[in-house]
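Student: Dumping the structure here so I can ask a few things about it.
Derivation of every value follows stated rules applied to the coordinates shown; laboratory data play no part. Here the structure is a predicted model, which means the values were calculated and not measured. Quick reminder, even Gly has a Cβ in these numbers, built from the backbone with ideal geometry, and neighbours come from all protein chains shown.
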Amino acid sequence: MSEQTRVLIVGAGLSGLSTAVFLGLHGTPSLVVERHESTSTHPKARGQQQHTMEALRLAGLEAAFTAASPKSQGFLLRIAESASGPVYREILHDTFLRLDHLTPAGSADVSQANAERILVDQARELGAEIRFATKLESFEQDESGVRALLSDVATGEQTTVRAQYLVAADGHRSPIRDQLEIGTHGRGTLGHGIQWLVRADLSSVVGDRQVMYYLQNPLLSGGTGVLASTDDPDRFVVGVGYDPQREGLADFTEQRSLEQIRLVTGVPELAVEILLADTTVSSMRIADRFSSGRVHLVGDAAHTMPPQGGMGGNTALMDGFYLAWKLAAVIRGEAGPGLLDSHDVERRPVAELIAENQYKNAIVRNMPHLAKPDDTPPIEDPGLLFFGYRHGGAIVREAGDDGELLEDPAQPTGRPGSRAPHVPLSTPDGELSTIDIFGRGFVLLTGSEAWAKNAEDVADNLRIRLRPYLIGGAVTGDWTGPYGVSADGAVLVRPDRFIAWRSKGAGTAVELEKALRTVLDR
Ligand SMILES: Cc1cc2nc3c(=O)[nH]c(=O)nc-3n(C[C@H](O)[C@H](O)[C@H](O)COP(=O)(O)OP(=O)(O)OC[C@H]3O[C@@H](n4cnc5c(N)ncnc54)[C@H](O)[C@@H]3O)c2cc1C
């Protein structure tokens, strides 16, 4: 049997599902195949930071994620000897991180298992087909597309799919990355762990809060441990280190496991039910290339990082957001194939930065044995990490811009390659953020009727999704400073809310069209 799809996505984890959701949002259907029978059953990565929530807000999922978050009274993020203390360092205390000066979006605290379920429903709603128990066996690509061989895991029945593009969202082992012979670089394997999912009443220790404890204690296996809440107030993820050269999961008998779990909690007689036990590997590896021909890598296939900092799952989800509009624009014929070269150019440096930062977090939080004398401290400003990275591919770089990767979003410059800043606007329909104007096509933000007319002319001429948004008259807001233009200037914002180009003052349709031709490889 043979079938066709525009985009074949392999893997129904956070990265594959978000690619399907955002492709759907841009009107491009996809087929997602997942070898397992369902989405993840383990809570795994937890938490959606504000940049991720901005993307989910665009997909109509902000309310669903907020509703699915545990209703707790605070969040504790601590480095300690055990969850009962002593505490070595308080990173967050009863604080849900707020970044209201940078974004209208809040954060959420949904586990990966629940996040994936929400994403599956929305991807289907937006036109994606999601096929579980279906495995990619092999693929080959040519000038015009990709031919993939799929098999039904239950029956072994094989199907051939012809797709225009293949998205490798197949996790940290990524057989697709291997078949493309793309190597990896980075810090490599950092440590091995035993992880339990447990049921226990820890209310006397954690109260009505979400917690993330990183533990340093010589009595713990490997001298290190973690305790993390899940969506269920009586279920926790507990982890300790171990040396795979000397022992394995079987050496963690029930009695030894219970001893270790009680040491982590600091409650000697705690009643514990172990629901799951498994080994984990903490590693930091970045693919040497994120694209090869018609195949693009997202999520853990492109970058694995230690979990300290919680950006692994968030970066996986955001990869789909950043890749989808480019795939959709090329498939619709609005952009040339060169636009997709920017996936590697833009996302790899960001992944390297974030993964390296999580590595530094790991050293500080619970892997001090990895410290070296010339280590620099991790970036701990969440605004900078979530909203400060710049993209340097599908933009028109300005003279004098050295392409620095990070810019403080609290001091925005409006330079192309930076995230379009959040500015509150008053409109006849009520208060609005600039963030809510962007997302479905290109937007030309301007205070000038002449630029608005230019945008309409260029949209017609290039036959692309571009619309002007005029600030002035009925819509007011202090936007020119943050965007670095005068009121008769204009700022071209990509569908992923990054600034592609700007004119600091008045200008012509020819200039705008030239900029779009550069950005879109036309
Ligand atoms: C136990 C555990 C706990 C974790 N905790 C945290 C945490 O606290 N914080 C954090 O940031 N990160 C954590 N992570 C990492 C986080 O889960 C990943 O960063 C995230 O899952 C990456 O999403 P992804 O979609 O790229 O990959 P995955 O979620 O790994 O999804 C890849 C999917 O591809 C499928 N697949 C692979 N090959 C094929 C094939 N040939 N055909 C069909 N399907 C295929 C797999 O079955 C899998 O479902 C944890 C991971 C684990 C395993």
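Student: Give the lysines reachable from K504 as a straight Cα distance under 25 Å; neighbours fewer than 8 places away on the same chain don't count.
Tutor: Within the straight-line cut-off, K504 pairs with K453, K514.
Student: So for the range 1-121: antiparallel DSSP bridges make up what percent, rounded to the nearest 5?
Tutor: 65
Student: If all Cα-Cα distances of the chain are sorted into 20 Å bins from 0 onward, what percent lands in each bin, rounded to whole numbers?
Tutor: 22, 53, 23, 2
Student: How far is helix 311-331 tilted off the main Cα axis of the chain, in degrees rounded to 10, range 0 to 90?
Tutor: Once rounded, the angle reads 30 degrees.
Student: Would you please name the trypsin sites (Lys or Arg not before Pro) within the range 65-169 that are DSSP coil residues with at most 13 other C-beta atoms within 10 Å of their C-beta?
Tutor: K71, R98
Student: Ok, one more. Counting other beta carbons within 10 Å of each residue's own, what order do M1, M53, M311 fall into, fewest first?
Tutor: The most exposed by this proxy come first: M1, M53, M311.
Student: Can you give the convex hull volume per residue for the Cα atoms of the range 11-72, as a whole number of Å³?
Tutor: Once divided by residue count, the hull of the range 11-72 is 100 Å³.
Student: Follow-up. Per residue of the chain, what 222 nm ellipticity follows from adding -39500 (n - 2.57) for every DSSP H run with n ≥ 4, rounded to the nearest 500?
Tutor: -8500 deg cm²/dmol
Student: What list of ³J(HN,Hα) values in whole Hz, one per residue of the range 507-519 in order, does the Karplus curve 6.51 cos²θ - 1.76 cosθ + 1.60 (θ = phi - 60°) give from phi, with Gly and Pro shown as x?
Tutor: The phi angles translate into x, 10, 4, 4, 5, 5, 5, 4, 4, 5, 5, 5, 4 Hz.
Student: If you don't mind, another one. Name the aspartates and glutamates eligible as straight-distance cross-link partners of K135: C-alpha to C-alpha under 13 Å, and not fewer than 8 places from it in the same chain.
Tutor: Straight-distance partners of K135: E34, E37, D152, E157, D170.
Student: Taking the chain as the reference, fit the longest principal axis to its C-alpha atoms, fit the long axis of helix 449-462 to the helix C-alpha atoms, and give the angle between the two in degrees, 0 to 90, nearest 10.
Tutor: 80
Student: Under 30 Å between alpha carbons, and skipping anything fewer than 8 positions from K360 in its own chain: which lysines qualify?
Tutor: In chain and number order, the partners are K44, K372.
Student: For the range 30-134, what does the alpha-carbon gyration tensor say about shape, rounded, prolate or oblate, given a ≥ b ≥ c as the root eigenvalues, a/c under 1.5 as rounded, and a/b over b/c as prolate?
Tutor: Oblate.
Student: What does the convex hull of the Cα atoms come to per residue for the range 388-519, in Å³?
Tutor: Cα-based convex hull of the range 388-519, divided per residue, equals 98 Å³.
Student: Please give the helix 254-265 orientation as an angle from the longest Cα principal axis of the chain, in degrees from 0 to 90, rounded to the nearest 10.
Tutor: 60
Student: Over the range 186-283, what is the relative contact order in percent, taking alpha-carbon pairs closer than 8 angstrom and at least six residues apart?
Tutor: 43
Student: Quick one: compute the contact order of the chain, relative version, from alpha carbon pairs under 8 angstrom and 6+ residues apart, as a percent.
Tutor: Once normalised by length, the contact order is 15 percent.
Student: Just want to confirm a number: the relative contact order over the range 463-522, from Cα pairs under 8 angstrom separated by 6+ residues, in percent.
Tutor: 21
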